[in-house]
1. Magnitude of the Cβ-charge dipole of segment 244-344, K/R +1 and D/E -1, about the Cα centre, nearest 20 debye?
2. May I ask which residue of F221, G277, N165 lies farthest towards the positive end of the charge dipole of the chain, with charges of +1 (Lys, Arg) and -1 (Asp, Glu) on Cβ and the Cα centre as origin?
3. Say a paramagnetic label sat at a point 7 Å from the Cα of K169, along Cα to Cβ; which residues of segment 117-132 have their backbone N under 20 Å from it?
4. With an 8 Å cut-off on Cα pairs and a minimum separation of 6 or more residues, tell me the relative contact order of the chain in percent.
5. Let me spell out the model: positive unit charges on the Cβ of Lys and Arg, negative unit charges on the Cβ of Asp and Glu, origin at the Cα centre of segment 133-224. What dipole size does that give, in debye rounded to 20?
6. Counting trypsin sites (Lys or Arg not before Pro) as exposed when in a DSSP loop with at most 14 other beta carbons within 10 Å, what is the longest stretch of the chain free of them?
7. Give me the number: length gained by fully extending A244 to S177, i.e. 0.36 nm times residue separation minus the C-alpha to C-alpha distance, one decimal in nm.
8. Using the Karplus equation 6.51 cos²θ - 1.76 cosθ + 1.60 (θ = phi - 60°), what ³J(HN,Hα) coupling, rounded to whole Hz, does each residue of segment 56-65 give in order, writing x for Gly and Pro?
Amino acid sequence: MNPAGSPLSRRSLLRGGLGIGAMALGGSALLSGCSSGAGGTTAADGTTAVNYQLSWLPTTEHSGSWIASDRGFYRDGGLTVNFLNGGPNTSPDTVVMSGKALVGGSNADVVSKAITQGADLTVFGTRFQKSPFSILSLADNPIRSPQEMVGRKIGVAAINETAFNLLLKINNIDPASVDVVPVQFDPSPVTNREVDGQVVFVINEPTQLEAKGIPTHTFLFADHGYAVFSGVYFAKRKTVEENADQLAAFLRAERRGWEANIADPRLGTDLTVDVFGKDQGFDRAQQLLESQTLPRIMITPDTDTSGLLTLPPALIEQNIETLRANGLEVTAEQLFSTSILEML
């Protein structure tokens, strides 16, 4: 667990190897195992119990799910959804392929890599239209674009090197023109001015600093050619074909939950800190800032037209181009299915 004054960072947990158990949606009882309710089990109230393997720990980045549970949106669709919490030791694609979860959460690059290795998976929606990867800098010394990194010191953790190098490649920037400094997983090199900028998730490290009253500036990789859906919903292709009604009910509830959280980010924050992540020692102020930042990567002109969680055709093609630039040879037909969204 993390002290309340030191918010959990995705990179710090990757470093520390922390793993946690699974929590039942709609209550605080821990699941005894992750096989029950993978898809099709009848719950006591007559709803269909299904398992959802989360992409990460129970932070506010899952606020829509918390609200869908708390307000009965899943139940309205005939479902009882059980959370299987994620973490650095969890591979959601493996869990879904094993049949232990009906739905998984991950990123498009992770699912595409699994597909290239033989997994019969498909993405049927996405929480985040834009990747949360960003460059963090101080507000009094901002870095506003990839071009402004030239000649500057940029902190890059080992796990983020692939994404950073791809950003440089997409923007035709010579890697030798950027002074890359190895860093760990906290933003102190930026605050100590050891580096001018650092690769971070826009919903994590910047909100940690803002919660401490430190003004920051960030630019998203996604605004400079790096198109990779993050927080995608995926399932076996067979599930999309044979359990379409269940997946549509699930996605409909998720959308309603996210709409509620965007209208009032405190909803997801309170459910995270007080219920679903209550044992994690989260800092409420930081989690609220994270919840308030989520619309930046969730709302676009496409979602204004087609609704949250959508998979816009043009952005699908941009994802495929980015993934191929990273050596992942998948087609749009292999990786994505819009059939469930069309049912909403």
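1. On the way: 8 positive and 16 negative charges, 44 e Å.
Taking the Cα centre of segment 244-344 as origin, the dipole is about 220 debye.
2. G277
3. Within reach of a label on K169, which here means backbone N under 20 Å from a point 7 Å along Cα→Cβ, segment 117-132 contributes 117, 131-132.
4. Values: 704 pairs, mean separation 89.6, N = 344.
Dividing the mean separation by the residue count of the chain yields 26 percent.
5. On the way: 6 positive and 11 negative charges, 8 e Å.
Result for segment 133-224 is approximately 40 debye, rounded to the nearest 20.
6. Details: sites that count: R144, R193, K212, K278.
Answer - 1-143.
7. Details: separation 67, 0.36 × 67 = 24.12 nm, distance 4.96 nm.
The span from A244 to S177 would gain 19.2 nm if fully extended.
8. After applying 6.51 cos²θ - 1.76 cosθ + 1.60, I find 7, 5, x, 8, 5, 5, 10, 4, x, 5 Hz.
Any read-out appearing in this document is the output of simple, stated calculations on the displayed coordinates, not a laboratory observation. Quick caveat, the model's predicted, so the values are computed rather than measured. Quick reminder, even Gly has a Cβ in these numbers, built from the backbone with ideal geometry, and neighbours come from all protein chains shown.
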